[in-house]
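The structure appears right after this line, and notes come after that.
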Amino acid sequence: MQIELTRIRHHSSSSIGHMDQNPLPAVPFEVDVDLGFALFFLFVLCFFLLVTVMKCAQTVVDPYGSISTSTYQEEQIT
């Protein structure tokens, strides 16, 4: 009786081990969509931040460069 119980336990534990194995092959490249969206929007945010910093630096270097001369130049009185 003891031998039969040992065989049943051994047989059931070995069959559980076979059930745990995945019959499908492992996917070599998994894509995390949430991480992709987060990285994309982080890249876009950094790009706009860089453009804004460049425009602000350009304004600090030459504050009157983007204003047309007719707005701050004195008119000739004839």
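The values are calculated or read from the model by the stated rules, or taken from the named source; none is laboratory data. What you are looking at is a predicted structure, and each value in this text was computed from that prediction instead of being measured. Side chains included, ligands, DNA and RNA excluded: accessible areas come from the protein's heavy atoms. Shrake-Rupley method; radii C 1.70, N 1.55, O 1.52, S 1.80 Å.
Given the criteria modelled with pLDDT under 60, open to solvent by 100 Å² or more (accessible area, probe 1.4 Å) and part of a helix (DSSP H, G or I), does Met19 qualify?
So Met19 passes the test.
Considering only residues that are over 21 Å from the mean Cα position of the chain (by Cα) and open to solvent by 100 Å² or more (accessible area, probe 1.4 Å), look in segment 32-70 and name the one that is modelled with the lowest pLDDT.
Ser66
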